[in-house]
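J.: I'd like to ask you about the structure that follows.
The values are calculated or read from the model by the stated rules, or taken from the named source; none is laboratory data. Because the structure is predicted, anything quoted here is derived from the model rather than measured. All Cβ positions, glycine included, derive from the backbone under ideal geometry; neighbour counts span all protein chains shown.
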Amino acid sequence: MKNTVQKRCELLVENRNLIQEGFMLENSLLKAVAAAAFAEKEKTVDVDYLKECRSILRDKQGALSSFRGNNELIVSTKMALGSDPEKYIDEVIEVYKKFQKGKCFGSTFRVLAAMSICDAGKFSEADAIIEKTNNLLEGMRKKHPFIATDEDTSFAVLLAMTEKSVEEILTELEEAFGYIKKSFSFHDNAAYSLTQVLTIFDGSYEDKRDKVLEIYNAFKAAGLKYGKEYELASLGTLININLSTGELVSEVAEAAKFFDGKKGFGMLDMNKQTKLMLGAMVVSGAYSEKSTVTDASVTSGAISMIIAEQTAMLVAIMIASSSAAASSSSSN
């Protein structure tokens, strides 16, 4: 494992333990993903400051808000990582309200989408991005009414921030999905999410689909089962890393193995597939040339960390929500 990846993994574990002190009741994976976001910026968590950010959030959003619940730690983390947490949350709330126009119910995933726009430094372009996002979602639902859901908003907004037209995006999604889903039978929803992540990147869909399947099969050949559920989308964040497939798989596997035996990373906290996803997040961040998006295209240059980070946050929230639903069902 390269030195940069090693240090990020060590800082992730340290940050997770610090977050545990102040946020004991949060889902284990949410704590790990929040810790990873700090580690990506090479920052040690200031728990008191993180709590201050949470207090600001709670002052502005009530207990039933979509900004609370499983989103609360993630939103507080992004506030703490910014230079002006109050300005950040005010802008995210304003963008979220634009997303909500004409809708009756709140949405965890529209909160993440609003954060993506602000994280990309595109607050002033929110109206145009939201219109394009909604057009994409409408096109997705027409093609796939049973698998295109509110969850797709988080990836659709990243697609909307590319320079590709709505028509180009929808065409690529269909062509790539038709091919990729063959490799993930009975996992159409996850395969569609993976296809969306791939479509965010520039390049031919043939090259991208072939690369991601090559990486997936390399994990399989190494005796590692990359998750075919929510985790699958994160595999797409690895396609542009400048390593051979063997080296890439080895780096992710070593990062995932590093977490074994660490407090908060045991069998009751997360499975092997989830740890591979965290490893992929660390590796994609460590090898990305940019950690923020400052130009017109989300995908210019190497992998932007916004894709890996937002993918991991989305996956963590979906898993946390599924766990909570399963727990509630079993108790009734």
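J.: Do you know which residues across segment 133-150 are surrounded by fewer than 21 Cβ atoms within 10 Å (Cβ to Cβ) and either touching a residue at least 24 places away in the same chain (Cβ under 8 Å) or among the hydroxyl-bearing types (S, T, Y) (or both)?
T.: Across segment 133-150, the qualifying residues are N135, G139, K143, H144, I147, T149, D150.
J.: Pick out the one residue from E14, E21 that is at pLDDT 95 or above, under 23 Å from G261 (Cβ atoms), among the charged types (D, E, K, R) and part of a helix (DSSP H, G or I).
T.: E14
J.: Tell me the residue from I74, I19 that is in contact (Cβ under 8 Å) with a residue 60 or more places away in the chain and touching a helix residue (DSSP H, G or I) at 6+ places or on another chain (Cβ under 6 Å), please.
T.: Exactly one of I74, I19 is in contact (Cβ under 8 Å) with a residue 60 or more places away in the chain and touching a helix residue (DSSP H, G or I) at 6+ places or on another chain (Cβ under 6 Å), namely I74.
J.: I would also like to ask the following. If I ask for residues that are basic (K, R) and surrounded by fewer than 16 Cβ atoms within 10 Å (Cβ to Cβ), which ones from segment 158-193 would you list?
T.: Within segment 158-193, K182 is the sole residue that qualifies.
J.: Sticking with this structure for a sec: Has segment 40-51 got at least one residue that is over 18 Å from N70 (Cα atoms), in a helix (DSSP H, G or I), touching an Asp or Glu at 6+ places or on another chain (Cβ under 8 Å) and touching a residue at least 40 places away in the same chain (Cβ under 8 Å)?
T.: Yes, some residue in segment 40-51 is over 18 Å from N70 (Cα atoms), in a helix (DSSP H, G or I), touching an Asp or Glu at 6+ places or on another chain (Cβ under 8 Å) and touching a residue at least 40 places away in the same chain (Cβ under 8 Å).
J.: Continuing with this model, one more query. Give the residue that is nearest to A308 (Cα to Cα), with candidates limited to residues of segment 242-260 that are part of a loop (DSSP other than H, G, I, E, B) and modelled with pLDDT of 90 or more.
T.: Filtering first and then ranking leaves L243.
J.: Of the conditions (1) hydroxyl-bearing (S, T, Y); (2) in a helix (DSSP H, G or I); (3) at pLDDT 95 or above, S65 clears all except one; give me its number.
T.: Among (1) hydroxyl-bearing (S, T, Y); (2) in a helix (DSSP H, G or I); (3) at pLDDT 95 or above, the lone unmet condition for S65 is (2).
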